[in-house]
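The next block holds one structure in the form of structure tokens; read it before the comments.
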């Protein structure tokens, strides 16, 4: 079932007249999305690389590297925690014991164990991680620097690799927040609003939602119709007064934007009811599991960059959805009861599903957060922020599986081999999709990092 704002319409029955009115009155179709399509086609840039698409699982809050991909079985209990490590399919390659299904797929992924970043603040580190910028567009106080907000990596890939049929950068999940404060650097930045992500959300009750089509409560069908007539009047005025602009082109792109969200094919793309129940069960009936199914469907339709947010905020008073990875309290209980099993099931299903469909080699998959967790366990059975060392997981897109790149010390406190930064991760993504400095530098979106060639 596809949910457009609060309005739902079963795809096999088509859209109701009211649904059409609501979509037609939405600003995302009247202006920004249509302009996105038109301007992107006018740009007409293409790049050719090993990976056609990128799927980023953003583990917001900062997962513990010691409890996931970089266990320290020889450290003292107050560092290693209660979890053991398990062997993977690759000899000598061990990960945390909560991930047995992922361990069986080690030949299809690589782990980078030597990441470090410049801040222990979620907002600052999150901005750095998503943009690949050492400055990240924010000062040491976490406030945006004037005219310095960088484009997120998804927007950069969208600018260079985007086609003309679908939004080139889609985020599955809500906006990222630190408590109630939105972070900087999640959009197009200097590239403009046309390269902001197009958002979808998976709701366990209502299915896939399109937040951009959420309408104010006071808009009745009658007022929507009036608003549509007002838009048509502005369109007529625009055609009369702006001879330099081709009205036919504008109309064509608005029609394309409208069809993209309302055509039977587009609605099927967003509708998880098109999948067999057994496959949905295989991913897990969690928000993150079903969001990854949706992401895979978008990858199948050649969306260049898909980002799945798990979850949409940190440090809030109550968990939202599946909850984030900011485990200052009860880290081991949450990992054992929820996050470990959910990640193991959903991510292993994703890798196998992409592989079975022949999509893994053309899709770079990255799973990471903004930083790691403190190696030493705190007095609340949790782990605190730790920017000095953390891990990321890479698969597909030319990545050579069965390998570990970089290493941390015996307690996971600092990198001791092949240290890497978020700028290096961004450069690695650029390299995977065939983007060059000749393409990124004129746009002002080049990063200072270098590709992590050992992954390929």
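Observations
- Looking across the range 360-373, just one residue is surrounded by fewer than 22 Cβ atoms within 10 Å (Cβ to Cβ) and over 18 Å from the mean Cα position of the chain (by Cα), and that is 361.
- Test: residue in the range 75-93 that is in contact with a helix residue (DSSP H, G or I) (Cβ under 7 Å, 6 or more places away or on another chain), closer than 19 Å to residue 364 by Cα and in the same structural domain as residue 194 (by TED's automatic domain parsing): no
- Test set (1) without any contact (Cβ under 8 Å) to a residue 40 or more places away in the chain; (2) surrounded by fewer than 19 Cβ atoms within 10 Å (Cβ to Cβ); (3) within 21 Å of residue 59 (Cα to Cα) - residue 409 fails condition number: (3)
- Filtered residues of the range 138-178 (kept if over 19 Å from the mean Cα position of the chain (by Cα) and either part of a loop (DSSP other than H, G, I, E, B) or at pLDDT 90 or above (or both)): 139, 140, 141, 142, 143, 145, 146, 147, 148, 164, 165
- Some residue of the range 425-446 being closer than 23 Å to residue 375 by Cα, surrounded by 24 or more Cβ atoms within 10 Å (Cβ to Cβ) and in contact with a helix residue (DSSP H, G or I) (Cβ under 6 Å, 6 or more places away or on another chain): no
- The range 88-107: number of residues that are surrounded by 13 or more Cβ atoms within 10 Å (Cβ to Cβ) and over 20 Å from residue 337 (Cα atoms): 9
- Condition check for residue 401: closer than 20 Å to residue 361 by Cβ and surrounded by fewer than 24 Cβ atoms within 10 Å (Cβ to Cβ): yes
- Looking at 326, 312, 322, just one residue is crowded, with 16+ Cβ neighbours inside 10 Å, modelled with pLDDT under 55 and assigned by TED's automatic domain parsing to the domain that holds residue 347, and that residue is 322.
- Residues satisfying the stated conditions in the range 108-127, i.e. assigned to a loop (DSSP other than H, G, I, E, B) and surrounded by 22 or more Cβ atoms within 10 Å (Cβ to Cβ): 117
The values are calculated or read from the model by the stated rules, or taken from the named source; none is laboratory data. On a predicted model such as this, the values are computed, not experimentally measured, just so you know. Don't worry about glycine lacking a Cβ; one is built from the backbone with ideal geometry, like all the others, and counts go over all protein chains shown.
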